[in-house]
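Undergrad: Could you have a look at this structure, given as structure tokens, before my questions?
The values are calculated or read from the model by the stated rules, or taken from the named source; none is laboratory data. This is a predicted model, so every value here is computed, not measured. Neighbour counts run over all protein chains shown; Cβ positions are idealised from the backbone, glycine included.
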């Protein structure tokens, strides 16, 4: 089952963010706290959204086993919003049961329903299982584009200079 994230999902989502960072070989990169995630999703001006995948156990209790965290972007070329998928993660023991596909279908449904023209995300070039999964969906790589990032001291330096 896929549903919008609730406030009480934040601890398990934060744990999965840490698991994802471990998988992506950057566990030390996670500095966000549960409180940070809660504020981003449920604070006074939320600009980030999330959906979770749940599985029922033998007793009928639902357990969150995956999530998709996303935000709206905008294309000046199409003149429309889109969705940027920041994180898609399904716990290893729940993989292969359609949760990742269901989360992506929900985001695609949101795009179609709202008239958004794109669903975009990044994938590490060594993550062959994910790349094969995404290609099977019909996604295409943006080979001529390179992601750029300013952070830390470089961001502070550039941001401290008046225009």
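Undergrad: Could you tell me which residue of segment 149-161 is modelled with the lowest pLDDT, considering only residues that are assigned to a loop (DSSP other than H, G, I, E, B) and loosely packed, with under 10 Cβ neighbours inside 10 Å?
TA: So, considering only residues that are assigned to a loop (DSSP other than H, G, I, E, B) and loosely packed, with under 10 Cβ neighbours inside 10 Å, the one modelled with the lowest pLDDT is 161.
Undergrad: With (1) under 26 Å from residue 22 (Cβ atoms); (2) without any contact (Cβ under 8 Å) to a residue 60 or more places away in the chain as the list, and residue 124 as the residue in question, which single condition is left unmet?
TA: (2)
Undergrad: Taking segment 125-148 only, how many residues are within 19 Å of residue 83 (Cα to Cα) and assigned to a loop (DSSP other than H, G, I, E, B)?
TA: Total meeting the criteria: 10.
Undergrad: Still on this structure, please answer the following. Restricting to segment 73-89, what's the tally of residues that are in contact with a strand residue (DSSP E or B) (Cβ under 7 Å, 6 or more places away or on another chain) and closer than 18 Å to residue 49 by Cβ?
TA: Total satisfying the criteria: 11.
Undergrad: Looking at 32, 40 in this structure, which one is within 18 Å of residue 84 (Cα to Cα) and out of contact with any strand residue (DSSP E or B) (no Cβ under 7 Å at 6 or more places or on another chain)?
TA: Result of the check over 32, 40: 40.
Undergrad: Right, something else. Quick check on residue 106: is it under 30 Å from residue 7 (Cα atoms), assigned to a helix (DSSP H, G or I) and either within 17 Å of the chain's Cα centre (by Cα) or modelled with pLDDT of 95 or more (or both)?
TA: yes
Undergrad: Give 130, 139 a once-over and let me know the one that is without any contact (Cβ under 8 Å) to a residue 24 or more places away in the chain and closer than 17 Å to residue 16 by Cβ.
TA: Every option except 130 fails the conditions.
Undergrad: Can you tell me which residues in segment 7-17 are over 15 Å from residue 91 (Cβ atoms) and surrounded by 13 or more Cβ atoms within 10 Å (Cβ to Cβ)?
TA: Passing the criteria: only 10.
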